[in-house]
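**Student:** Okay, here's the structure, questions in a sec.
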Amino acid sequence: MRIAVYPGSFDPITKGHLDIIERSAKVFDKLIVAVLINPDKKGLFNIEERVELIEKVTNHLDNIEVDSFNGLLVNYMVENKAQVIIKGLRAVSDFEYEFQMALVNKKLNQDIETLCMMTSAKYAYLSSSSLKQVAMFGGCINDLVPEEIIDDIKMKLKK
Ligand code: PNS
């Protein structure tokens, strides 16, 4: 069984992330979307909320699992019998960071491969941080996040 992991902060999931999830779910038997628990970085949503939002927008896909992890990604991969790390690439600036992480992960575990999937052109500009700024200042986020979670984001920013 080919199992891939799509790791990230997902604070919150965007249409760009969902596009990568839908496309890579077609390539693997199972795709685990794994939210990184980083106690040093307080996000807008807590880890449980991020997992819930991802579950909400992926329940049309039957080979997806949503989970969270801390520590090294390569250890999480081994624990979950996953062979491939999926990363989404938007721009050359993403490449440098992803290239470095892929090499570090390769150094830590030679059996694990990183595969980069190019963003769909319509989401090339999109990131969770730009989405949060737009939402915070009352801009329209309808094209940026899946419809099911627009209200969750608006509610969170009202608090
Ligand atoms: O969405 P992000 O914040 O770009 O995701 C980064 C993530 C979670 C993929 C990366 O920080 C990660 O893999 N963290 C786990 C710690 C680890 O394994 N580090 C070694 C690779 S540099």
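The values are calculated or read from the model by the stated rules, or taken from the named source; none is laboratory data. Just so it is clear, the structure is predicted and the values come from calculations on it, not from any experiment. All Cβ positions, even for glycine, are placed from backbone atoms using ideal geometry, and neighbour counts span all protein chains on display. Surface areas here come from the heavy atoms of the whole protein model, side chains and all, with no ligands, DNA or RNA. Shrake-Rupley method; radii C 1.70, N 1.55, O 1.52, S 1.80 Å.
**Student:** What accessible area per residue comes out for the range 3-158, rounded to a whole number of Å², with a 1.4 Å probe? Before the final figure, lay out the partial values.
**Tutor:** On the way: 8760 Å² over 156 residues.
The answer is 56 Å² per residue.
**Student:** Using the Kirkwood formula on the Cα atoms of the chain, what hydrodynamic radius do you get, in angstrom to one decimal? Don't jump to the answer; show the numbers that get you there.
**Tutor:** Details: mean 1/r = 0.0620 Å⁻¹.
Radius from the Kirkwood sum: 16.1 Å.
**Student:** Which ³J(HN,Hα) values in Hz, rounded to whole numbers, follow from the phi angles of the range 135-149 under the Karplus curve 6.51 cos²θ - 1.76 cosθ + 1.60, where θ = phi - 60° and Gly and Pro get x?
**Tutor:** Residue by residue, the range 135-149 yields 5, 4, 9, x, x, 7, 10, 4, 8, 9, 10, x, 3, 4, 10 Hz.
**Student:** Applying 1/(1 + (r/R0)^6) with R0 = 35 Å to the Cβ-Cβ distance of ASP111 and ASP40, what FRET efficiency is obtained, to the nearest 0.05? Please list the in-between numbers first.
**Tutor:** Details: r = 29 Å, r/R0 = 0.83.
Result of the calculation: an efficiency of 0.75.
**Student:** In straight Cα distance, which lysines are under 18 Å from LYS154, not counting same-chain residues fewer than 8 positions off?
**Tutor:** Within the straight-line cut-off, LYS154 pairs with LYS15, LYS56, LYS132.
**Student:** Report, ordered by chain and residue number, the aspartates and glutamates lying within cross-link reach of LYS26, taken as a straight Cα distance under 15 Å and ignoring same-chain residues fewer than 8 apart.
**Tutor:** By straight Cα distance, LYS26 reaches ASP62, GLU65.
**Student:** Could you work out the helix-only [θ] at 222 nm for the chain, with each DSSP H run of four or more residues adding -39,500 (n - 2.57) and the total divided by the number of residues, to the nearest 500 deg cm²/dmol? It would help to have the intermediate numbers written out before the result.
**Tutor:** Details: 6 runs with 65 residues, N = 159.
Counting only the DSSP helices, I get -12500 deg cm²/dmol.
**Student:** Considering only protein heavy atoms and a probe of 1.4 Å, how much of the accessible area of the chain is carbon and sulfur, as a whole percent?
**Tutor:** Numbers: 4900 of 9210 Å².
With neighbouring chains kept in place, the figure for the chain is 53 percent.
**Student:** Here's another thing I want to ask about it. GLU49 to GLU22: FRET efficiency via 1/(1 + (r/R0)^6), r the Cβ-Cβ distance, R0 22 Å, to the nearest 0.05?
**Tutor:** Details: r = 22 Å, r/R0 = 0.98.
With a Förster radius of 22 Å, E is 0.55.
**Student:** What's the FRET efficiency of LEU103 with VAL78 using the Cβ-Cβ distance as r and R₀ = 25 Å, to the nearest 0.05? The partial results should precede the final answer.
**Tutor:** Values: r = 18 Å, r/R0 = 0.73.
The value I calculate is 0.85.
**Student:** Okay, moving on. Please list, ordered by chain and number, the residues whose modelled amide H lies under 5 Å from the amide H of SER68; skip anything fewer than 5 residues away on the same chain.
**Tutor:** Answer set, sorted by chain and number: VAL35.
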